[in-house]
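See below for the structure under consideration.
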Amino acid sequence: MAYRAEYIWIDGTEPTPLMRSKTKIVPDGDEPGLWNFDGSSTNQAEGSNSDCMLNPVYTVPDPTRGGNDVLVLCEVLLPESLEPHSTNNRAACVEIADKFADFEPLFGLEQEYTFFKDGRPLGWPQEGYYYPAPQGPYYCGVGAVEIAGRDIVEAHTSACMAAGLSISGTNAEVMLGQWEFQIGPCGTVEVADQIWMARYLLYRISEDFGVNASISAKPIKGDWNGAGCHTNFSTRQMREGYDAIIAACEALGAEGKVEEHLAGYGHGYEDRLTGQHETAHFSQFRYGVGDRGASIRIPWQVARDQKGYIEDRRPNANIDPYVVTRLMTNTVCGAASA
Ligand code: ADP
Ligand code: MN
Ligand code: MN
Ligand code: MN
């Protein structure tokens, strides 16, 4: 007998990569090993030299197929040398995670996204002016007027749980058709692997409903919330005392660090970080307790307990989480080691 391994990878589409996957039938007893694909069809190679390699990095049971079938998240390598491909942001993330392993970094990522059907957000009217009633009743709402897509969300959550992901919650968001799931707390590389796996499951399951899930950071212009990926972060020192919490905030605001981070916080952050819709303007760095209009929020409970974690509210929904968790780990742990 044999089982199916769905090889999943991140392509080279700009400015925001797409996910790709293909199926390999693996004989029972064999591991899903290195495989190849045509990089000229994924913006990862020239047609004349098109082979790219898929290196399995994270394998889970496949909840969509069941049985012995698996999902295999891969990093992309160059042929022959087996060096990381230029689109592979995981390799640099692993390097920084190893360098600062003593800090025991933990992350919780809040992935926001928007369902689309027939060219408009799910649940938005098909007639008249195409806009629903203004934002207000939708966040954590209940009822057929307030909510669109819950059946998909429930199927996705069950799939993440069955796959063994560290999904820690879900909620309906401020714009009708917009939702969030959280992954964490887990380590610098693990949380990013799991976000990609959870995104794959979201796209794959939405497909069965004839719906497209989008991680666009500002799916609808105007007075509608953007979509972010708030990044909650702690080191062992931050989980033990408040000085390390403040030091982390200061490190993120240091000369050059604000620009370095924003460059890795996702395409179109200028459209989302406007200073409205629970964001700080991208040009202004500020941290504060319980402040959802700040760049970095120190949760109220953390200030009370004098230990815990911080929330970077700036990352877009469309980030590469390998880039963001690398930046956070490097900046905060680097400053603490200096
Ligand atoms: P919000 O109030 O901003 O909506 P959420 O409940 O959506 O917050 O997400 C908070 C995230 O923070 C969760 O994923 C949780 O696992 C994570 N988290 C909790 N404690 C820590 C910690 N010490 N370090 C890092 N992340 C943490
Ligand atoms: Mn949240
Ligand atoms: Mn949210
Ligand atoms: Mn948040």
* Structure fact -> Per the C-alpha gyration tensor (a ≥ b ≥ c, the square roots of its eigenvalues), the chain is rounded if a/c is under 1.5, else prolate if a/b beats b/c, else oblate; here it's oblate
* Give, as a single signed number, the net charge of other residues whose beta carbon lies under 11 Å from the beta carbon of A172, with Lys and Arg counted +1 and Asp and Glu -1. => -3
* How do C140, C333, C186, C229 rank when sorted from fewest to most other Cβ atoms within 10 Å of their own Cβ? -> C140, C186, C333, C229
* To do: Mind telling me which of E104, E180, E83 comes out most flexible in a GNM of the chain, alpha-carbon contacts under 10 Å?
  => E83
* Mind sorting I10, I246 by how few other Cβ atoms lie within 10 Å of their own Cβ, fewest first? => I246, I10
* To do: Compute the length gained on full extension between E127 and R65: take 0.36 nm times their separation in residues and subtract their Cα-Cα distance, giving the result in nm to one decimal.
  => 18.5 nm
* Please work out how much length the chain gains when fully extended from T170 to N49, using 0.36 nm per residue of separation minus the C-alpha to C-alpha distance, in nm with one decimal. => 39.3 nm
* **Simple Cβ-charge dipole of the stretch 165-316, Lys/Arg +1 and Asp/Glu -1, about Cα centre, in debye nearest 20** => 160 debye
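Note down the magnitude of the dipole of the chain about its Cα centre, charges +1 on Lys and Arg C-beta and -1 on Asp and Glu C-beta and zero elsewhere, to the nearest 20 debye.
720 debye
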* Asked: Sorted from fewest to most neighbouring beta carbons within 10 Å, what does the list V70, V189, V258 look like?
  -> V258, V70, V189
* Asked: Mind checking which helices in the chain clear 30 Å along their axis (Cα) and have mean Kyte-Doolittle hydropathy of 1.6 or more, DSSP H runs only?
  -> none
* Farthest toward the dipole's positive end in the chain, which of M328, M161, Q284, given Cβ charges of +1 (Lys, Arg) and -1 (Asp, Glu) about the Cα centre? -> Q284
* Extension gain (nm, one decimal) between S86 and E240, 0.36 nm per residue minus Cα-Cα -> 51.6 nm
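Coordinate-derived values only; no laboratory data. Because the structure is a prediction, the values reported are computed rather than measured. Note that we place each Cβ from the backbone using ideal geometry, even for glycine, and neighbour counts take in every protein chain shown.
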